[in-house]
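The next block holds one structure in the form of structure tokens; read it before the comments.
The values are calculated or read from the model by the stated rules, or taken from the named source; none is laboratory data. Predicted model, so just to flag it, every value in this text is computed and none were measured. Don't worry about glycine lacking a Cβ; one is built from the backbone with ideal geometry, like all the others, and counts go over all protein chains shown. Just the protein is used for accessible areas: all its heavy atoms, side chains included, with ligands, DNA and RNA removed. Shrake-Rupley method; radii C 1.70, N 1.55, O 1.52, S 1.80 Å.
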Amino acid sequence: MVFTSTVFVFVFMPLAMAAFFAVPPRWRAWPLLLASAVFYAWGEPVLVLLILGTGVATYYFGKLLLRTPARHRRTVLVVAIVVTCIPLAVFKYAVFIATSLGFSSWAASVEFPLPIGVSFYTFMAIGYLVDIYRRRDDGAPRLLDFSGFLAMYPHLVAGPIVRWSHIGPQLAAPKFNPGMFGYGAFRVATGLVKKAVVADSIAPLADDLWASGEPSSVGSAWIAVLLYSAQIYLDFSAYSDIAIGLAAMMGIHFHENFRYPYVARSAREFWQRWHISLGSWFRDYVYIPMGGSRARPVVVWRNLLVVWGLTGLWHGAAWTFVLWGLYFGVLIGLERYVLGRYLERSPRVVQHGYGVLVAVCGWVLFRAVDVSQAASYYRTMFGLADVSWWDPTATLAVQRGWVLFAIAVALAAGVARPLMDRIRAQTMPPDTFDQGGEFDATGTPPVAITLRTSTFMVVTTVVCLFVATAFLVAVSYSPFIYFRF
């Protein structure tokens with residue numbers, strides 16, 4: 001099942017919410033787990049057993065880590081992580097590894113289905129085990145609680161990558177909060193519009209240009225890349241909006257996963273704003289344990305390349321994704337040791353231009369079907385290919401997409417940010433998790449909600465649901481881009 005379907009919006013979501021609040025708070029993990037299993041099994045009735053099995057194995061490995069003597073804990077952790085990663089390795093990377101090692105005939109003869117969300121819930125399970133190993137957490141008190149956390153349908157398919165230390169205490173006895181429920185419904189509705197109305201309208205324009213293989217002109221190459229840059233931001237951030245909204249409706253707080261990444265002024269800042277939960281996961285569980293930035297430059301470079309190579313590989317089993325990750329690793333390293341001082345002295349407009357340029361150029365590797373197509377796009381974009389500067393294809397793309405692209409630019413630039421921040425301040429209790437505290441759904445928002453804000457939220461939610469539904473009914477199914485990761 002997907003968020004952008006009438007079945008989810010008008011059947012599953014109301015029933016799941018009603019069941020969630022129909023039982024006492026202590027037992028709400030039961031309807032949550034059941035709803036999540038139905039949500040996942042709707043499209044993959046067999047592979048739902050995989051995530052449930054991952055939950056059981058991870059939970060009991062966590063209990064074993066708590067009881068294991070110190071001298072054996074590392075061994076247990078390694079075994080636990082290896083077992084947890086087996087489904088990811090087999091279903092996502094086996095064919096890629098075999099092909100890269102020269103076993104192309106075998107790779108061509110097998111076809112493994114990719115379990116939806118496997119990259120996300122595998123990383124959540126690993127983070128849970130490592131936190132117990134580091135004695136930062138005692139883990140879930142019940143298998144039910146952990147299974148509900150791992151399979152929780154708002155984040156199940158495409159994140160954000162949440163952590164037990166933040167979500168677990170909230171799942172112990174989630175309470176109904178009218179302000180959070182209203183804010184959550186508002187986020188769900190606006191996320192649906194962002195995805196179904198804007199991102200899905202840009203998608204066919206970008207796909208038509210990329211489907212030709214090689215760009216027909218410099219202009220068409222840049223337009224294809226810019227349209228895809230807009231599409232992937234709106235698509236992925238819309239999923240996070242809906243996930244955060246669904247959790248808020250249940251009285252559970254998810255951290256933001258996007259903070260307007262295209263306003264970044266460097267590659268490093270871009271990744272502080274893009275897919276924040278993934279970047280923080282690699283920072284805390286890979287980069288810092290390897291030594292982080294507090295080491296000799298050669299070690300820092302090693303750490304950067306390893307982490308960013310893995311970041312690219314996490315996104316997909318293809319060399320284009322690996323190169324995409326390494327592209328950012330090299331840029332962040334150069335910014336640290338060479339470019340940073342020049343960027344700091346540059347005008348803000350130059351810094352923002354640089355930030356957008358490195359992000360957009362990176363998407364070429366991300367979107368290309370192979371390295372050859374990526375190379376063709378780079379040659380054309382920078383005038384090194386034997387093609388014209390402009391052609392009818394570019395003209396038609398501009399005519400069809402300029403309004404949508406303008407809307408995308410406005411959203412990416414944060415035109416709605418002051419309004420969203422004001423609504424959040426009036427509806428969501430403060431979260432002190434980063435300061436060592438816990439989120440309390442019964443807490444008081446920093447600012448009292450006004451009648452004007454309440455009315456605006458209700459009207460906007462209804463209107464957005466109506467508009468999004470019209471597009472969902474009229475437009476063919478378009479899955480979220482990050483479903484394949």
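Under Stokes-Einstein, with the Kirkwood radius over Cα pairs as Rh, the value for region 325-439 at 37 °C and 0.692 mPa s is 177 µm²/s. Cα-based radius of gyration for region 205-303, normalised by 2.2 N^0.38 Å, reads 1.43. Calculated mean residue ellipticity at 222 nm for the chain: -20500 deg cm²/dmol, from DSSP H runs with n ≥ 4 weighted as -39500 (n - 2.57), summed, divided by the residue count and rounded to 500. When the alpha carbon coordinates of region 307-354 are projected onto the principal axes, the ranges are 39, 20, 11 Å, largest first. Extension gain for ALA108 to ARG422 (0.36 nm times residue separation, less C-alpha to C-alpha distance): 107.7 nm. When only Cα pairs under 8 Å and 6 or more residues apart are kept, what is the percent relative contact order across the chain? Once normalised by length, the contact order is 20 percent. Taking Cβ atoms as reference points and 15 Å as the exclusive limit, the residues near ASP208 contribute a net charge of -2, counting Lys and Arg as +1 and Asp and Glu as -1. Net charge in the neighbourhood of CYS361 (other residues with Cβ under 14 Å of its Cβ; Lys, Arg +1, Asp, Glu -1) is +2. Rg and Dmax of region 9-84, based on Cα coordinates, read 16.9, 53 Å.
Based on alpha-carbon atoms, the Kirkwood radius and the radius of gyration of region 261-319 give Rg/Rh equal to 0.98. P(r) tail for the chain: Cα pairs beyond 31 Å make up 46% of the total. With the convex hull drawn over the C-alpha atoms of region 66-190, the volume per residue is 142 Å³.
Using a Debye calculation, one point per C-alpha and no hydration shell, please list log10 I(q)/I(0) for region 258-413 at q = 0.09, 0.18 Å⁻¹ in order. At q = 0.09, 0.18 Å⁻¹ the computed log10 ratios are -0.35, -1.27.
Using the alpha carbons alone, the radius of gyration of region 76-119 stands to its Kirkwood radius in an Rg to Rh ratio of 1.06. Listed by chain and number, the aspartates and glutamates placed with their C-alpha closer than 20 angstrom to that of LYS195 are ASP207, ASP208, ASP235, ASP241, GLU256; residues fewer than eight positions away on the same chain are left out.
Across q = 0.18, 0.27, 0.29 Å⁻¹, region 186-235 modelled as identical point scatterers on its alpha-carbon atoms has Debye log10 I(q)/I(0) values of -0.55, -0.92, -1.00, in the order of the q list. Pairs of C-alpha atoms in region 1-156 farther apart than 23 Å represent 47 percent of all such pairs. Accessible surface area normalised per residue over region 376-418 is 64 Å², counting heavy atoms of protein chains with a 1.4 Å rolling probe. Spacing of the modelled spin labels on TRP30 and ALA172, each 7 Å from Cα toward Cβ, amounts to 2.1 nm. Based on alpha-carbon centroids, what's the gap between region 248-320 and region 101-144 in Å, whole number please? That distance is 18 Å.
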